[in-house]
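**Student:** Right, I'll just put the structure down here and ask away after.
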Amino acid sequence: MSQDPPAGPAPVTRGLLGFTILYGLYALGTLATSLIGWSVPGAVIGLVMLLAMLQTPWGAHIEQWVGGVGTILVGLLPFLLVPVAAGIVTEADALAAEWVGSAVTVMAGWFVAILVTTLVARWSLGRGRR
């Protein structure tokens with residue numbers, strides 16, 4: 001009664017590899033922003049690099065490695081946002097002084113997020129029909 005060996009790396013190895021890829025892209029994005037001098041967060045640059053990697057012929061393997069870790073991190077997102085909320089509360093005086101700029105920034109960010117989500121959804125739905 002022999003069992004076939006599992007295909008691909010073990011789940012723990014896949015998880016470590018996926019986390020290493022995500023952290024490596026974050027670190028590369030942070031390095032790029034500090035070298036170039038942009039005010040864009042390194043995590044955003046890292047996500048753009050991840051998107052580019054997913055479009056390569058190895059994208060399916062990368063998605064398999066990173067997907068499980070991404071699912072875990074999305075589940076932890078409420079806990080990861082607690083420090084951000086605490087920072088906003090501690091800076092309430094600064095926000096009160098600059099509320100117009102903050103409101104415009106939040107609305108612009110909301111609009112851009114909806115626009116980008118719509119464009120990506122249309123692109124991915126059109127890509128699935130091929």
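None of the figures in this text is laboratory data; all of them are computed from the coordinates on show. These numbers were taken from a predicted model, which means no experiment stands behind them. Note that we place each Cβ from the backbone using ideal geometry, even for glycine, and neighbour counts take in every protein chain shown.
**Student:** For residues in the stretch 9-24 being assigned to a helix (DSSP H, G or I) and small (Gly, Ala, Ser), which is farthest from GLN64 (Cα to Cα)?
**Tutor:** Selected residue: GLY24.
**Student:** Then there is this: Out of (1) touching a helix residue (DSSP H, G or I) at 6+ places or on another chain (Cβ under 9 Å); (2) among the polar types (S, T, N, Q); (3) loosely packed, with under 12 Cβ neighbours inside 10 Å, what's the single condition that is false for THR90?
**Tutor:** (1)
**Student:** Same structure again: Scan the stretch 85-99 residue by residue and report those that are outside any helix (DSSP H, G or I) and within 26 Å of the chain's Cα centre (by Cα).
**Tutor:** Correct list: GLU91 only.
**Student:** Against the conditions (1) more than 13 Å from the chain's Cα centre (by Cα); (2) assigned to a helix (DSSP H, G or I); (3) within 30 Å of VAL12 (Cα to Cα), where does LEU51 fall short? Just the number, please.
**Tutor:** The single condition LEU51 does not satisfy is (1).
**Student:** Name the single residue, out of those in the stretch 98-130 being aliphatic (A, V, I, L, M) and loosely packed, with under 10 Cβ neighbours inside 10 Å, that is farthest from VAL44 (Cα to Cα).
**Tutor:** VAL100
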